[in-house]
Amino acid sequence: MNFIVDPLAPEDRKPFPANLAFGRHFSDRMFSQRYTPDLGWHDAHIGPYRPLSLDPAAAVLHYGQEIFEGLKAYRRPDGDINLFRPWENAARFNRSAERMAMAVVDPEDHVEAILKLVSLEHAWVPDQEGASLYIRPTLIANDVGLGVHASHNYLHYIIAGPVGPYFAAGFKPVAVYVSREYVRAVRGGTGEAKTGGNYAASLFMAEKVAALGYQQVLWLDGVERRYVEEVGAMNIAFVYDGTHIVTPALCGSILPGITRNSVLKMAPDLGYKMSEERLDADQVLADIRAGRITEAFGMGTAAVIAPVGKLGTQDGAVPLNDNQPGPVATRLYQALTDIQYGRAPDPYGWICTVKAAA
């Protein structure tokens with residue numbers, strides 16, 4: 001990719017934050033490029049992090065035509081930087097773009113832009129335990145006008161910022177409430193695309209359960225409101241009898257997570273049986289009460305692995321593993337983060353390393 005790197009003025013440099021809250025701080029630079037029908041993708045450059053200038057009638061503001069991704073860069077013990085499966089994020093970015101009738105990006109250029117941005121911003125990759133540089137590629141429609149149609153013009157940009165653990169308590173069990181009344185997505189909709197509307201649809205119920213003391217929502221299918229789909233902004237898995245990990249099968253309304261896919265590949269190598277099945281929520285609750293399900297955990301880029309301590313229902317809370325991280329979730333978390341941070345070899349070809357001093 002041919003792109004320009006704009007100089008960084010002293011006033012554009014920010015101090016590194018003392019406390020790493022998730023998604024609150026951003027690095028000095030960002031990448032951007034534009035798409036128009038006559039020129040295709042053009043005007044690619046890395047410059048200072050800055051506000052966007054959008055017309056009040058920009059299509060993204062009215063019809064929600066936008067997508068995004070999330071991936072991380074990790075500081076290795078030798079000081080260099082690991083990115084975890086950026087090619088998979090690029091492929092999903094384009095699948096989301098196609099579903100939202102948007103212009104796709106060249107995946108090699110997309111990954112190259114991420115690598116160059118991380119290389120330039122290497123000082124923003126933290127070295128604290130559990131911390132990383134979170135990277136957010138985004139694509140928005142910026143046609144000007146209020147007619148309902150797919151936009152012809154797009155802005156593609158990538159921002160990044162240092163983050164601590166997604167949950168402030170770190171690798172601790174989260175409380176999850178089962179949503180029976182509201183749903184996140186339906187088959188045939190946009191559930192398997194990483195688009196903001198899916199997350200907007202989740203906020204009402206998320207706020208309701210937060211008031212009840214729960215941190216996440218367990219979403220059921222949008223037709224029968226019976227089958228388990230996702231937990232919060234993560235995929236979900238249940239462990240049967242301490243050895244068999246079961247995650248809901250992809251059905252068109254579940255986001256195909258990169259971490260989920262990694263667990264599917266890694267778990268059998270760690271000695272676990274792994275399967276994708278249709279999971280009835282009532283049966284899941286019954287299996288927890290009967291002791292057949294020994295633990296549950298969420299899977300996602302932000303948290304990596306998030307143990308579930310209890311499932312809340314209208315009839316009360318159903319605890320899991322005495323509200324402690326289970327051995328399967330703990331082992332998966334350690335195995336994945338050891339590869340991500342470069343503490344262990346990568347037998348899967350998932351890691352792309354950036355020299356910190358490049």
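Computed from the coordinates by the stated procedures, all read-outs in this text should not be read as laboratory data. Since this is a predicted model, take the numbers as computed values, not measurements. So basically every Cβ, Gly included, is an ideal-geometry build from the backbone, and we count neighbours across all protein chains shown.
Worth a mention:
- Helix 86-99 and the long axis of the chain differ in direction by around 90°, with both axes built from C-alpha atoms.
- Gain in span if fully extended, Met1 to Arg34, counting 0.36 nm per residue against the direct Cα distance: 10.5 nm
- Each 20 Å bin from 0 upward holds the following percent of the Cα-Cα pairs of the chain: 29, 58, 14, 0.
- Listed residues Thr259, Thr243, Thr190, most fluctuating in the chain (Gaussian network, C-alpha, under 10 Å): Thr243
- Nonlocal Lys pairs with alpha-carbon distance under 16 Å, the chain (8 or more apart, or different chains): 5
- The equivalent ellipsoid that matches the C-alpha gyration tensor of the range 4-163 spans semi-axes of 29, 17, 14 angstrom, in descending order.
- Degrees separating the helix 196-211 axis from the principal Cα axis of the chain, which is the longest one: 50 degrees
- Computed from Cα positions, the angle between helix 107-120 and the longest principal axis of the chain comes to roughly 80 degrees.
- GNM result for the chain, Cα springs below 10 Å: residue of Ala281, Ala150, Ala90 fluctuating most strongly: Ala150
- Remark: spin-label model distance Arg278-Ala91 equals 2.6 nm, labels positioned 7 Å along the Cα→Cβ axis.
- Each residue of the range 64-72 was assigned a 3J(HN,Hα) from its phi angle through the Karplus expression (A = 6.51, B = -1.76, C = 1.60, θ = phi - 60°), giving x, 7, 7, 9, 7, 9, x, 8, 10 Hz with x at Gly and Pro.
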